[in-house]
């Protein structure tokens, strides 16, 4: 069986990190799937999905690490050619990827105690973001 | 139901980025699957699969970022021990991973407007590359 | 059909890299699944799962690259706020992600000759680590 749902999140850009575990859990519980795989997929090319301990310090550290990997104020060919000013966003998204899969066991996400699923908006402005949650299982 | 297909791509190495969305879409449409999960998996240890806006500037920016993370001309233990000269390729591949999953909804990949699936060859020479596309669904 | 198994690994921290391909293959062969998708998921927020050529030099190069991305001896907000001393571990885990999916074809993992599935422990101490292996297929 396969169940899919579209979610919309309002984000603020510049590495805004949103905890989305609860809304995924809600969808899982509304389905009849007890065992299978949940995939969380962002439909934007300037986003990432990952898992992190949702603690203020860790979030800041992750943002700092991404700023080191692809700084906001650096030269990007994308900005020169397209003028969008979000070259850093595309690089961060390609490196982190907009997709993540988590097993479901006995009707629950197989997350550890401190693991939270997060959506990261790498863009340089406020946006409405579309995320697909899909469950394949039985 | 599960469908798998082997694809072969000719690549040029040194962060050559190939758009492979169309060939995956073709395979999906030839299957009878309407809803499920597509996984794209490269069978080489010097490759990566990701999603990116396929725009000349972004591709160059991504290549520059990877060159910063694991420079071609740096010291690698792999090169010292094995003499392959592609230590940078293995590091980039382990960090980016050779696998990616995308939901299928109503017979279509759930990609956003600007999202393209790409194969990145991190190696230091021309090669034929094997990629498995697999669809699990109904 | 969906099969899941819990695995426990003893790890040493500080980017300890464990090859876990064999134990996943063993579980796959004990199931009746011939075609489908295996997901390997670590239930800790200071771990990563990836694929790498398991060669002494490559492993060292990967450890060096991660040390450059999120150095052990750097300032982390997580350490300031929580005092755990493992801020670098959380950053590395969020960037690398604790999940990986590999296709199964004709009862075998679709890995290339040199590809090995590895668990990486980013933490700063010895631990018992829990990994979920799940197979969805037919």
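Bear in mind that the values in this text are calculations on the coordinates, not laboratory data. Everything numeric in this text was worked out from a predicted model, so none of it was measured. Cβ atoms come from the backbone with ideal geometry, glycine included; neighbour counts cover every protein chain shown.
Along Cα→Cβ at 7 Å, what distances in nm separate the residue B:22 label point from those on the other copies, shortest first?
List, nearest first: 4.6, 4.6 nm.
Among C:95, C:18, what is the fewest-to-most ranking by other Cβ atoms within 10 Å?
Least to most surrounded, the residues fall as C:18, C:95.
Once the label point is set 7 Å along the Cα-to-beta-carbon vector, what list of distances in nm do you get between residue C:67 and its counterparts in the other copies?
Spacings between copies for this position, smallest first, are 2.5, 2.6 nm.
How many Cβ atoms of partner chains, on average, are near each residue of A:77-86 if near means within 10 Å of its Cβ?
Neighbouring Cβ atoms belonging to other protein chains average 4 per residue here.
Which value, in Å to one decimal place, does the Kirkwood hydrodynamic radius take for region C:1-55 when every pair of different Cα atoms is included?
13.1 Å
If you put a point 7 Å past Cα along the Cβ direction, how far is that point for residue B:83 from the same point in each other copy, in nm, smallest first?
Copy-to-copy label distances at residue B:83, shortest first: 5.5, 5.5 nm.
Over 10 Å intervals from 0, what percent of Cα-Cα pairs in chain C sits in each interval?
Percent of pairs per bin, in order: 12, 40, 31, 13, 3, 0.
Say a paramagnetic label sat at a point 7 Å from the Cα of residue C:29, along Cα to Cβ; which residues of region C:103-129 have their backbone N under 13 Å from it?
Hits in region C:103-129 for residue C:29 at 13 Å: C:107-109.
Roughly how crowded by other chains is peptide C:10-18, in terms of the mean Cβ count from those chains within 10 Å of each of its Cβ atoms?
Going residue by residue through C:10-18 and averaging, the value is 0.
Report the calculated FRET efficiency for residue A:128 and residue C:22 (r = Cβ-Cβ distance, R0 = 35 Å), to the nearest 0.05.
Efficiency computed from Cβ-Cβ geometry: 0.15.
Let me check I have the definition right: for region B:87-138, take the eigenvalues of the Cα gyration tensor, multiply each by 5, take square roots. What are those semi-axes in whole Å, largest first?
Its equivalent ellipsoid spans semi-axes of 27, 12, 11 Å.
Please compute, over every Cα-Cα pair in the protein assembly as shown, the percentage with a separation greater than 32 angstrom.
Here the long-distance tail beyond 32 Å is 28 percent of all Cα pairs in the protein assembly as shown.
Roughly speaking, what is the centre-to-centre gap between region A:71-138 and region C:25-89 when only Cα atoms are used, to the nearest Å?
19 Å
Which value, to two decimals, describes the C-alpha radius of gyration of region B:23-94 once divided by 2.2 N^0.38 Å?
Here the Cα radius of gyration is 1.50 times the empirical estimate.
Put a dot 7 Å past each Cα toward the Cβ at residue A:6 and residue C:7; how far apart are the dots in nm?
About 3.9 nm separates the two model spin labels.
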